[in-house]
Amino acid sequence: MARRAVVRLGVPALIVAALAVVALWRVGPPPQQSANAAATSTGTTGVSPAKAITEPVKTLAELVANNAVGREASLEHVRIRERVGDRFYWIGSGDERPVFAVLDPDVKRTTATSLRAGARVTLIGIVRPVPTADQAQQQWHLPPPVATVIADSGTYLHVTEIRQ
């Protein structure tokens, strides 16, 4: 009787194991990429495209890059250089290229943060392409010289959250 139980359980297990081996043999190992193909697909940085797109921008230098448009940004302890208007600021340290930041009308604030020149804050938002100088004047009601400088910068940070 014990022999029948072993046969009843053992035969189906052997069939499943044989089918699994055949399936794995048919699929085979993953294809190997050459070093040149791997470098081409990941770019010159060695970071895979999926990782580069999903990680938020962490530095101002990354924010001004052409490939940063549309990416999320999380800039910690960034210095406010100058206030241009109620919702408009130049941010960055003295040795960095300044970046223009526009606060969303419904910006989320974790505390009553004072946004004055010299203050350090954490800004979270989305990197966007700057509009033309004429569009910046109309949309943001900025003086022509400021709008021209902004239009030449390439990207700006649309801030959705401010943390102290």
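Stretching Ala119 away from Arg26 to a fully extended chain increases their span by 27.3 nm, per 0.36 nm per residue minus the current alpha-carbon distance.
Inter-label distance, Asn67 to Thr148: 3.3 nm, where each label sits 7 Å from its Cα along the C-beta direction. Label-to-label distance for Glu161 and Gln139 is 2.3 nm, based on points extended 7 Å past Cα in the beta-carbon direction.
Values in this text are rule-based calculations from the coordinates and carry no lab data. Owing to the predicted nature of the structure, the values given are computational and were not obtained by experimental measurement. When we count neighbours, we look across all protein chains shown, and the Cβ atoms used for this are built from the backbone with ideal geometry, even at glycine.
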